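Following: one structure in structure tokens, then a few remarks.
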Amino acid sequence: MSGDEQTLVIYTDGGCHGNPGPGGWAFVIQHQNSIVSGSGAESYTTNNRMELRAVIEALKKASELISQRGGAGGCDADLFTDSQYVRGGITDWISRWKRNGWKTSAGKPVKNQELWRELAEWAQDIEIRWHWVKGHAGNERNELCDSLVQEAIATLRSS
């Protein structure tokens, strides 16, 4: 696939009220001429876990969208996150963690290892360019993700 219309543009966000506390995650995907979004919440979690969950769920949905149009075949994506933890982890630290048996440079187990493994699995079939975007700075898609996160967290209070 080539050309901008074949590139997925993905924004993700996660957050908590308290850390740990009730949390939510969300994504917005621009796919050809349409926008697809998703969100969810957990009653007791951390901000970092929700940031990771947002990316994982976005990549699950992206894979589904790619399958609907006949398979990956070189599909690529620009993924925007306001989490330095996610961007740094997936672009830099994860290769060392794998080499070190999922231990940090200090020899401690990697936090959220099961989510990092899941993220690596979902990311392997899409050529992803990872971007960091400043949160709460007026970026329309990032702000939309944040709104979806807040709505997801609010559903926990109403249930």
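Read the figures in this text as sums done on the coordinates, not as results from a lab. What you see is a predicted model; the values in this text were computed from it and never measured. Cβ atoms come from the backbone with ideal geometry, glycine included; neighbour counts cover every protein chain shown.
For every other residue with a beta carbon closer than 15 angstrom to the beta carbon of R87, add +1 if it is Lys or Arg and -1 if Asp or Glu, then tell me the sum. Taking every other residue near R87 into account, the sum is -3. Projecting the Cα atoms of A152, W93, A123 onto the dipole axis of the chain, where Lys and Arg carry +1 and Asp and Glu carry -1 at the beta carbon, places W93 farthest toward the positive end. Placing a pseudo-label 7 Å from each Cα along the Cα-to-Cβ vector at S37 and S158 gives an inter-label distance of 1.4 nm. Within the chain, the whole DSSP H helices whose Cα atoms reach 30 Å or more along their own axis and whose mean Kyte-Doolittle score is at least -0.5 are 47-68.
Computing FRET efficiency as 1/(1 + (r/R0)^6) for K98 and W132, where r is the C-beta to C-beta distance and R0 is 22 Å, gives about 0.50. Each of D76 and R117 was given a label point 7 Å from its Cα along the Cα-to-Cβ line. The distance between the two points is 3.1 nm. For a straight C-alpha distance cut-off of 20 angstrom, the lysines reachable from K98 (same-chain residues fewer than eight places away being disregarded) are K108, K111. Using DSSP to define loop residues, name the trypsin sites (Lys or Arg not before Pro) in segment 36-86 whose beta-carbon has at most 13 other beta-carbon atoms within 10 Å. Qualifying residues, ordered by number: R69. Taken one residue at a time, the phi angles of segment 83-93 give Karplus couplings (6.51, -1.76, 1.60, θ = phi - 60°) of 9, 5, 4, 5, 4, x, x, 7, 8, 10, 6 Hz. Gly and Pro are set to x.
Proximity of backbone amide H atoms, modeled 1.01 Å from N, is registered between S83 and V133 at under 5 Å, excluding neighbours fewer than 5 places apart on the same chain. Computed from label points 7 Å out along Cα-Cβ, the spacing between D125 and Y44 is 3.5 nm.
Dimensions of the chain from C-alpha coordinates, computed as largest minus smallest value along each principal axis and given longest first, are 43, 41, 28 Å.
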